[in-house]
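Data first, discussion second: the structure below is written as structure tokens.
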Amino acid sequence: MEKAIRGMVAALDPHSAYLDTDEFEEIRLSTMGSYPGVGIEVVADDSAVKVLRPIEGSPADQAGIQAGDLISEDRQQGSRRDQAGAIAQLRGPSGSSVKLTVRRPQPARRWTSPCVAAKVDVRSVTQTTLDPGFGYVRITSFSGPRG
């Protein structure tokens, strides 16, 4: 029954996913302000996981991962192509090694980038002063209160 529900929800659009209890807990943790991992926001793609954005200052950001990059399957470990499965593979205790096989469509390039998982601080609001009296505020996500 769960597989049928997962399939129906996945067919809605690329942004919908059915979450079981463990997956929901994983998503909840990622919106709490910090978590251990490589620090990228992802979405499922046909044959890989597409990077929406690296989190500023994260191990993935420091490794040069960019928005639009594709994280390929690790054939040794297997890979789930849904968003919750991708998030689970990109997490790990601080200090653990995560091997990312990255494809960049433009310019065409493929490489393997080892990352070391670390505490990633999610800043949902950033601001920049553009000119005196003008600023830019970016809200990247909505999260629960920090405790």
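When the chain is fully extended, how far beyond the present Cα-Cα distance does Ile27 get from Thr126, taking 0.36 nm per residue of separation?
Using 0.36 nm per residue and subtracting the Cα-Cα distance, I get 33.5 nm.
Expressed in nm to one decimal, what extension gain is obtained for the pair Arg109 and Ala67 from 0.36 nm per residue of sequence separation less their Cα-Cα distance?
13.7 nm
We did not get these values from a lab; they are worked out from the coordinates using the rules stated. Every value quoted in this text rests on a predicted model; they were computed, and no experiment measured them.
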